[in-house]
Amino acid sequence: MSVLSLKDVHITYHTAAGGVPAVRGVDIEVAKGEVLGLAGESGCGKSTIAGAILRLLPSKTKVEGSITLDGEDILSMKLGRLRAVRWTGASIVFQGAMHALNPVQRVGDQIGEAITVHNQAGEREAKVRVGSLLEQVGLPTRRAADYPHELSGGQKQRVMIAMALACNPSLIIADEPTTALDVMVQAQVLRLMKDLQRDLGLSMVFITHDLSVLVETSDRLAIMYAGKIVEEGPATAVFEDPKHPYTAALAAAFPQIGDLRFRGNPTGLGGDPPDPQEIPSGCPFHPRCPAAFADCQRTVPELYTAGAGRRAACLLVEGAHTGAAEVAE
Amino acid sequence: MSSPTPRGTKLAKGATILEVEDLHVTFKGRVGLLAGLRGNKGTQSRAVDGVNLQVRKGEVLAIAGESGCGKTTTARAIMGLQPVDAGTIRYEGKPLPRNLKPYLRKVQMVFQDPTGTLNPRQTIYEIIAEGLRIHGIDRGPGGEPEEQLVAQALSRAGLRPPDRFFLRYPHELSGGQRQRVVIAGALVLEPEVIVADEPVSNLDASVRGEILQLLMKLRADLDLTIVIVTHDLGLAWTVADRVAVMYLGRIVEIGPAEDVLLRPLHPYTKALLDVVPEAGGLERPILTGEPPDPTKIPPGCRFHPRCPVVVSGKAAELGIEAACRGEDLGLDEINPGHLSACHASRRLGARAHEAIVEAVAAIGREAGSDPGTDADGSPDGTPPGSSAAT
């Protein structure tokens, strides 16, 4: 059974200038012990999905479709139950570890708070658990008495990870957990998360725009563009042999050293990601797509099967074009 | 280059255009009044600690390293934005004059964050024209009016048609377009050298390549020299002719990009290469510990507390361990144009590459000291080998 399941999820932000459709029909399944990498550029809707899973979006935001966590429907959940599920069912490691910690509280108390608030243990027991959590993330127990400013960026992110693990959730959502970190520290934190995920059998949704990071940590990848998933499949296959031109462009943004195709030859896409209020007709990627042809302006591509366990929303996927053309007529 | 350009290019391609000699920049910590009277100087952070560098005309030079290694401070010092404690910067062979204005016309900087760089209350036209006005340029070399110079800079930076952008404000543009405006602002003065500090790290993945393409095109069209400061070795691989790797305020390795990135002769370069993400990469060795602290530069080779060659015992085997721990060293030319500051490469020459690879393999996943003890000072001398060889 899936730990997390999103079915036809649409999310529309409410703004003074009208509704902004940030997510436009997304299906996601995450099995137990699986890591799903969710990739895309700013504004593609990936962080919105993270927020929706724990209902952390602004109250006027319209969320349609269904989101279930361990079989429970999140969207219709009563507030009391939702509070319990947050952190015990699923927890989030946020992007800015620097700002997510309370600067005037010792980090041990902040981790302990998550445990006692959820009635997982009493004060004394929580303290012991904090110690073991810190060790689990590679920090000495005495660090519990430190304030956030006494820790480096990588150490703060380790504390955030310890906090996310505090109530034994079945799912961890990691939203750009290493973006603000230095290269060397990023590698350390990624390895820590991967090791913990494997040892504890956690399910994870890993969100970032850096495909090369995702291919290291994820089992499956889902690539988002303009509020929709445009490609999904096994991580290595998607990264090494992308079926969607957008995935290919994202992958090329992080070239492998030694690959002579990239030497002296940076590749990029023209244009910018679309404004969610003015999504282009047909395939939303067609104005920037190097392989676009006439049909792309008219036909909205579905996620077509593109090899074993793979799907891509592109008319160029074998067999998709003729079928799509018939539908268009 | 040979055509009589108004830019008056004298130097041949490949000649040294910009030179940094023994540059030192120290940031001083605050000291209380009493402690100051007692002669306490406070913590001194040696951000740049003896950098020597020659930039050749027409090349793309990447300066790479972790945060805190001094790469941005070096770039700022080149721009005269950073008071230096010691060292000389020469442009076309001459030390920088007291009045930097004529120099700054020839050497322009592109900063990391285009949103923070652009004045939100100025139109794009005003932003680009400001550079011309500061330098008192109201006509181009061929007598072109200001408007034409601004338009030319914008279209060179890929913002076309340029007049469509004149009256817009930075917030109306996307991140990629803003970075193009910043580049246009540098181009309008027709510089010889552009120093770009992390020019794409704040941009979306699909836009990065485009900005790099633009820089490469400008280099080809205008015969520019480009210095790129970056933490991303993949970027260096894509665009750089030469790569300089910095660690704790010094250049530890420099050479042609292919040599440095494919056959590194310094263990730190190797460590940086090992953390570039790629499929299955998490099983490779990763240096533990935090970015090193420039207030506590270790004695001997400044990399030795984290160095896999020392930690693995390879240094002892080669009989250089005492030197690693006790003897500071500068750059040696190992292969033509490829310099490294490492006792192993001093001893073994180009074969040091194999020794480094072996040392890293011997350590396995954990290179360096235990992460739990990092902030307590692994860079400044936790005995290496105490926990690493496990």
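A few remarks follow.
- Number of residues in the stretch B:196-253 that are of a type outside the set (A, V, I, L, M, F, W, C) and under 27 Å from B:Lys270 (Cβ atoms) equals 17.
- The set of residues from the stretch B:81-95 being buried (at least 17 other Cβ atoms within 10 Å of the Cβ), in a loop (DSSP other than H, G, I, E, B) and not polar (S, T, N, Q) comprises just one member, B:Val84.
- Yes/no for A:Leu221 being within 22 Å of A:Glu302 (Cα to Cα), of a type outside the set (Val, Ile, Thr), part of a strand (DSSP E or B) and within 12 Å of chain B (Cβ to nearest Cβ): yes
- Among the residues listed as A:Leu6, A:Leu69, A:Leu56, A:Leu75, the single one being surrounded by 15 or more Cβ atoms within 10 Å (Cβ to Cβ) and under 30 Å from A:Glu278 (Cβ atoms): A:Leu6
- Of the residues making up the stretch B:352-370, those that are at pLDDT below 70 and either in a helix (DSSP H, G or I) or among the charged types (D, E, K, R) (or both) are B:Arg365, B:Glu366, B:Asp370.
- Output for the stretch A:274-291, where each listed residue is within 11 Å of chain B (Cβ to nearest Cβ), in contact with a Gly (Cβ under 7 Å, 6 or more places away or on another chain) and assigned to a loop (DSSP other than H, G, I, E, B): none
- Residue in the stretch A:144-154 that is at negative phi, surrounded by 23 or more Cβ atoms within 10 Å (Cβ to Cβ) and part of a helix (DSSP H, G or I) present: yes
- In this structure, A:Gly201 does not satisfy being within 12 Å of chain B (Cβ to nearest Cβ) and either surrounded by fewer than 19 Cβ atoms within 10 Å (Cβ to Cβ) or more than 26 Å from B:Asp232 (Cα to Cα) (or both).
- Sole exception among (1) surrounded by 19 or more Cβ atoms within 10 Å (Cβ to Cβ); (2) basic (Lys, Arg); (3) within 11 Å of chain B (Cβ to nearest Cβ) for A:Arg261, by number: (1)
- Selection status of B:Leu222, surrounded by fewer than 23 Cβ atoms within 10 Å (Cβ to Cβ), in contact (Cβ under 8 Å) with a residue 12 or more places away in the chain and under 20 Å from B:Tyr91 (Cα atoms): yes
- If you go through the stretch B:233-286 and keep only what is assigned to a helix (DSSP H, G or I) and among the β-branched types (Val, Ile, Thr), you end up with B:Thr238, B:Val239, B:Val260, B:Thr269.
- Some residue of the stretch B:183-204 being more than 19 Å from A:Gly268 (Cβ to Cβ) and of a type in the set (Ser, Thr, Tyr): no
- Unmet criterion (only one of (1) closer than 29 Å to A:Asp199 by Cβ; (2) part of a strand (DSSP E or B); (3) not hydrophobic (A, V, I, L, M, F, W, C)) for A:Gly33: (2)
- For the stretch B:240-283, taking the residues that are surrounded by fewer than 24 Cβ atoms within 10 Å (Cβ to Cβ), farther than 24 Å from A:Met193 by Cα and of a type in the set (A, V, I, L, M, F, W, C), the one that is nearest to the other protein chains (Cβ to nearest Cβ) is identified as B:Leu262.
- Looking only at residues in the stretch A:267-292 that are surrounded by fewer than 19 Cβ atoms within 10 Å (Cβ to Cβ) and among the charged types (D, E, K, R), the one that is modelled with the highest pLDDT is A:Glu278.
- Close pairs from the stretch A:232-255: first at the interface with chain B (Cβ under 8 Å from one of its Cβ atoms), partner of a type in the set (Phe, Trp, Tyr) and part of a loop (DSSP other than H, G, I, E, B), Cβ under 9 Å, at least 6 apart: A:Tyr246/A:Phe285; A:Ala252/A:Phe262; A:Pro255/A:Phe262
- Long-range neighbours under 7 Å by Cβ, at least six apart or interchain, first residue at pLDDT below 90 within the stretch A:52-71, second hydroxyl-bearing (Ser, Thr, Tyr) and assigned to a loop (DSSP other than H, G, I, E, B): none
- From the list B:Gly289, B:Gly319, the one residue that fits, being more than 30 Å from A:Pro255 (Cα to Cα) and either small (Gly, Ala, Ser) or at pLDDT 85 or above (or both), is B:Gly319.
- Selection over the stretch B:59-80 of residues that are touching a helix residue (DSSP H, G or I) at 6+ places or on another chain (Cβ under 9 Å), on the phi > 0 side of the Ramachandran plot and crowded, with 24+ Cβ neighbours inside 10 Å gives a count of 1.
- Residues in the stretch A:169-198 that are away from chain B (no Cβ under 12 Å) and in a helix (DSSP H, G or I): A:Leu196 only.
- Criterion: within 14 Å of another protein chain (Cβ to nearest Cβ) and touching a strand residue (DSSP E or B) at 6+ places or on another chain (Cβ under 9 Å) - qualifying residue of B:Glu198, B:Glu192, B:Glu146, B:Glu172: B:Glu198
- Some residue of the stretch A:117-136 being within 14 Å of another protein chain (Cβ to nearest Cβ), free of Cβ contacts under 8 Å to residues at least 24 places away in the same chain and buried (at least 16 other Cβ atoms within 10 Å of the Cβ): yes
- Scan of the stretch A:87-115 for residues that are surrounded by 20 or more Cβ atoms within 10 Å (Cβ to Cβ), assigned to a helix (DSSP H, G or I) and within 18 Å of the chain's Cα centre (by Cα), ordered by number: A:Trp87, A:Ala97
The values are calculated or read from the model by the stated rules, or taken from the named source; none is laboratory data. Computed from a predicted structure; not experimentally measured. Counting neighbours? That spans all protein chains shown, and the Cβs are built from the backbone with ideal geometry, glycine included.
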